[in-house]
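The values are calculated or read from the model by the stated rules, or taken from the named source; none is laboratory data. None of the values given here were measured: they were computed from a predicted structure. Because the Cβ atoms are built from the backbone with ideal geometry, glycine has one as well, and the counts that use them run over all protein chains shown. All accessible areas refer to the heavy atoms of the entire protein, side chains included, with ligands and DNA or RNA removed. Shrake-Rupley method; radii C 1.70, N 1.55, O 1.52, S 1.80 Å.
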Amino acid sequence: MDINYTAVLPEIILSLFGILIMILIPFTPKARQSALGFVALFGMVLALICVSAQCGATGLAFFGMIFQDYFGQFCKILFLFASAAIVLVSINYLEREKLPYGEFFSLLLFATVGMLLMATSADLIMTFLGLEVLSISTYVLAGFKEGEMKSTESALKYFLLGAFSSGFLLYGIAFVYGAAGSTKYLKIAQVIEASENYPPTLFLGLGLMVVGFGFKAALAPFHVWTPDVYEGAPVPITAHLAVGSKAAAFVALVRVLYQVLPELSQHWQAILWVSAVLTMAIGNIAALAQTNIKRMLAYSSIAHAGYLLVGLTAHNRLGAQSILFYLVAYAFMTLGAFAVVQAIGREGEKYIGIDDYSDLGYRYPFLSITLSVFLISLAGIPATGGFMGKLFLFAAAMQSEMYWLVVIAVIASAIGIYYYLRVIVLMYMGESKDEGTPIIVPTPVRIVIAIMVVGTLYLGIFPGTFLHLASEAVSF
Amino acid sequence: MVPATHYLALAAILFAIGALGVIIRRNVITMFMCVELMLNAVNLTFITFSRFLNQVDGQIFVFFVMTVAAAEAAVGLALIVLLSRRTDTLDVDQANTMKW
């Protein structure tokens, strides 16, 4: 067991680029600060190359703190991809809202480091640190629009509840440590497998950890912060919260439950079953009543966490594979939807009400068609990634004979179709409104939207490639 | 020697006080201090287990928790300053404009 720097090279590169950007801020002329975004992008591409070069490496690294496996590499690529898309979308956003570039991109890079660490951590200390690196950067990013009360409020709520929930997570970790005598994943799993009857502290630890992760992944009943924080945060950060941050919490939860505590599956399956039902129901029903598109997408992201939970509750190989597949599909469609929302909203984040989408269809065909694709995919209509993902998740639950869960999930997603289609109907059949300044979609945003559309449709029509990759990735 | 359960019970009480405080109190600073109290209860738990398992792992964990708590305090207090500048109060209910 040694340090093996190559295993953490992507994280090192990202951190160095984050620091580099902070150093560059005072030396870059005001007018050229947006170039810092491309520095961040370059760092992410370098890290991506590193991860790709490592694909196939297995074993423990960094003194046993980090797993090197396909699962981790798969997730790392996904996270880097999502963050890179967010960088591309934010360059224009920051210019429009007159926000500082440098701090934004370096914080985003640090947040990405946290996500990568969570995906590969082999030790509860590392999981906790990854989570905190991600969260603390995101607290600041959520409150990035200093002059706006909504943004400050969003950051404050996220901070207070985030810190509160990390308290629970830590307390859970402490109990698991006390019960198993180690914080290393493999060691804990061994101890639990060897023991005949489990100490009560272990169950306490499990419960508290699920609460902690549940907060971060916005699972009901710990989702209350989500809509407010998503609404107040800058749009690119809302996308980051909905995709990167949530996916990282989910991946860490998958690792903890599947790799560390598979022996207790009966117990956590019961907890997650209830949480899955609640999450899907609350997410889909509350989304019906929303008038703000960011808030609607926030509830939609809660609902999608519920679908992911269905796969997690199934606790079988197909479940783990379909979680990975769904995370990819979810990243494509959600990032795409937020990119369009960002493009349609104009200075000061006006035009983010659902009414503002009325009659956009014929005036802005590119934005409307792409947004329709993303919403159709989120609704889970065939020929899109969202449909395939849901199919696999529900199939996994069927395999574990959780028929009621699947029935509820199908009903919930049927409710969901209504609010997604409402936006599309409004875009094409709504009455025309005062349109304000015309929308100009800058090239980077256009590129992101195009990539996401292609990805969403590709996953829906040819799911084989990614499903194969996901099945390779799941080794536990 | 004092048995482990005593320490654990103390930590549990501290944690409960902290958690209740966050839920009941409306002053941001108080809420934040209650979160810190929760983290310290966790630290106490770690140290207890570490002592009774005869390992140092738990104590190392405590250092990490303390570091993270410090980083969190920096960000948190900055946000609280921002709130008090905007609303002239530390009442979290003042920062509740978004509702469904």
Determine if segment A:20-30 includes at least one residue that is among the aromatic types (Phe, Trp, Tyr), open to solvent by 60 Å² or more (accessible area, probe 1.4 Å), in a helix (DSSP H, G or I) and within 30 Å of residue A:184 (Cβ to Cβ). no
For segment A:129-155, which positions are out of contact with any Gly (no Cβ under 7 Å at 6 or more places or on another chain), open to solvent by 10 Å² or more (accessible area, probe 1.4 Å) and hydrophobic (A, V, I, L, M, F, W, C)? A:129, A:136, A:140, A:144, A:149
Just need a number here: residues in segment A:1-50 that are at pLDDT 95 or above and among the polar types (S, T, N, Q). 1
Restricting attention to segment A:53-73, report how many residues are open to solvent by less than 10 Å² (accessible area, probe 1.4 Å) and closer than 15 Å to residue A:184 by Cβ. 3
If residue B:33 satisfies every condition in (1) over 17 Å from residue A:158 (Cα atoms); (2) surrounded by fewer than 21 Cβ atoms within 10 Å (Cβ to Cβ) but one, which is the exception? (1)
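Each row is one residue, and each column tells you yes or no for (1) open to solvent by less than 10 Å² (accessible area, probe 1.4 Å); (2) aliphatic (A, V, I, L, M).
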residue: A:222; (1), (2): no, no
residue: A:226; (1), (2): yes, no
residue: A:235; (1), (2): yes, yes
residue: A:250; (1), (2): yes, no
residue: A:267; (1), (2): no, no
residue: A:273; (1), (2): no, no
residue: A:278; (1), (2): no, yes
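Could you list all residues from segment A:447-475 that are outside any helix (DSSP H, G or I) and open to solvent by 60 Å² or more (accessible area, probe 1.4 Å)?
Across segment A:447-475, the qualifying residues are A:462, A:475.
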Taking segment A:424-446 only, how many residues are farther than 22 Å from residue A:333 by Cβ and outside any loop (DSSP other than H, G, I, E, B)? 1
Filter result (in contact (Cβ under 8 Å) with a residue 12 or more places away in the chain, more than 13 Å from every other protein chain (Cβ to nearest Cβ) and among the polar types (S, T, N, Q)) within segment A:257-295: A:259, A:265, A:269, A:275, A:279, A:284
So residue B:19, is it surrounded by fewer than 14 Cβ atoms within 10 Å (Cβ to Cβ), part of a helix (DSSP H, G or I) and at pLDDT 95 or above: no
Restricted to segment A:388-414, and to residues that are farther than 14 Å from residue A:311 by Cα and of a type outside the set (Ser, Thr, Tyr), which residue is least open to solvent (accessible area, probe 1.4 Å)? A:412
With the requirement that a residue be under 15 Å from residue A:60 (Cα atoms), open to solvent by less than 10 Å² (accessible area, probe 1.4 Å) and away from every other protein chain (no Cβ under 12 Å), what does segment A:170-194 give you? A:185
Breaking point among (1) more than 23 Å from residue A:258 (Cβ to Cβ); (2) more than 9 Å from every other protein chain (Cβ to nearest Cβ); (3) assigned to a helix (DSSP H, G or I); (4) open to solvent by 10 Å² or more (accessible area, probe 1.4 Å), for residue A:126: (1)
Provide a single number: the residues in segment B:41-100 that are buried (at least 16 other Cβ atoms within 10 Å of the Cβ), at the interface with chain A (Cβ under 8 Å from one of its Cβ atoms) and in a loop (DSSP other than H, G, I, E, B). 2
Against the condition farther than 22 Å from residue A:67 by Cα, surrounded by fewer than 21 Cβ atoms within 10 Å (Cβ to Cβ) and within 25 Å of the chain's Cα centre (by Cα), how does residue A:161 come out, does it pass? yes
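Answer yes if at least one residue in segment B:21-28 is more than 8 Å from chain A (Cβ to nearest Cβ), farther than 20 Å from residue B:92 by Cβ and not hydroxyl-bearing (Ser, Thr, Tyr), and no otherwise. Break it down stepwise before answering.
Of the residues in segment B:21-28, the ones more than 8 Å from chain A (Cβ to nearest Cβ) are B:21, B:23-27.
Filter once more, keeping what is farther than 20 Å from residue B:92 by Cβ: none.
The answer is no; no qualifying residue exists.
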Does segment A:329-344 contain at least one residue that is in a helix (DSSP H, G or I), closer than 20 Å to residue A:257 by Cα and either open to solvent by 10 Å² or more (accessible area, probe 1.4 Å) or touching a Gly at 6+ places or on another chain (Cβ under 9 Å) (or both)? no
Lone qualifier among A:318, A:378, A:367 - being of a type outside the set (Val, Ile, Thr), assigned to a helix (DSSP H, G or I) and modelled with pLDDT of 95 or more: A:378
Complete set of residues in segment A:34-52 that are open to solvent by 20 Å² or more (accessible area, probe 1.4 Å) and under 19 Å from residue A:96 (Cβ atoms): A:34, A:35, A:38, A:41
Looking only at residues that are free of Cβ contacts under 8 Å to residues at least 12 places away in the same chain and outside any helix (DSSP H, G or I) in segment A:195-210, which one is surrounded by the most Cβ atoms within 10 Å (Cβ to Cβ)? A:195
